[in-house]
1. All other residues with a Cβ under 14 Å from the Cβ of Trp139 taken together, and with Lys, Arg as +1 and Asp, Glu as -1, what is their net charge?
2. Once the other residues with Cβ under 12 Å from the Cβ of Asp30 are scored (Lys, Arg +1; Asp, Glu -1), what is the net sum?
3. Please give the contour-minus-distance gain from Asp145 to Arg57: 0.36 nm per residue of separation, less the Cα-Cα distance, rounded to one decimal in nm.
4. Modelling each spin label as a point 7 Å along the Cα-to-Cβ direction, I'd like the Ser186/Glu79 distance in nm, to one decimal.
5. Checking the cross-link filter: which lysines have an alpha carbon closer than 20 Å to that of Lys194, excluding same-chain neighbours under 8 positions apart?
6. Fully extended, how many nm does the chain gain between Ala71 and Arg175 (0.36 nm per residue separation, minus their Cα-Cα distance)?
7. What residues have an amide H closer than 5 Å to that of Gln151, excluding those fewer than 5 places away on the same chain, when H is modeled at 1.01 Å from N in the peptide plane?
8. Taking the Cα atoms of the stretch 90-173, what is the range of coordinates along each of the three principal axes, in descending order and whole Å?
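FYI, it's all coordinate maths here, none of it is from the lab. What you see is a predicted model, and the numbers here were worked out from it, not measured in a lab. Positions of Cβ are backbone-derived with ideal geometry, glycine not excepted, and every protein chain shown enters the neighbour counts.
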Amino acid sequence: MRRLLPLLLLAPALTGCLTPEPAPKLYVLDPVVPTAASLTRVSLAVAPAQVPEYLDRPELIVRTGPNEVKAVDGERWAERLPLTLARGVADNLTRALGRPVPLTPADRPGAAPDYELFLTVTRLDIDPAGRNVSLEGTWSLFDTDARKELQAAVFSQRESFSGTGLTGAVTALNRAVAAVSQGTLSALQSLPPKR
């Protein structure tokens, strides 16, 4: 019996190690920009966004206080955040323009677009306590043939959310990305077709 007692005491701990973790929640952004008026036909692609290194990880990062963030276990992006943000803008522009706006270079190997949109995110804060999401950075529109920047702008979007969990925060980020996408449309309207 003495030999069995340590094994009986260890059994609950060992079964806890064997219990599988629940599958993580995976998040993507959905297009929300409405269809725009007819725009000049241009060939456009969106490059993966530049993001601070602390954000470039699978888990959602939330602000927990001044100068403090943490990764949330079980809450992940379905793909790398630079691609998620770029795809969100590309999907919004696809809906607004009524034609595909791919990511570069993976979505269009061998075919260079006339113009390329670059996003640099300097801040993406999900603040569960304050129930808001902040998205800040710049976008730049480049002429790929001339290799020069045609237009650039700073963006700063803040969206509030409600509810518990991070689903509301991702929905708020979706609205912020849609606002950034909408801001690029006026620049796109001024572009002449190249072909």
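1. On the way: positive: none; negative: Glu116, Glu136, Glu149.
Net of charged neighbours comes to -3.
2. That sum, taken over residues with Cβ under 12 Å, equals +2.
3. 28.4 nm
4. It works out to 3.0 nm between the two label points.
5. Of all the lysines, those that pass the test against Lys194 - Cα under 20 Å, at least 8 places apart if same chain - are Lys148.
6. 35.2 nm
7. Leu141
8. So the three principal-axis extents are 47, 23, 21 Å.
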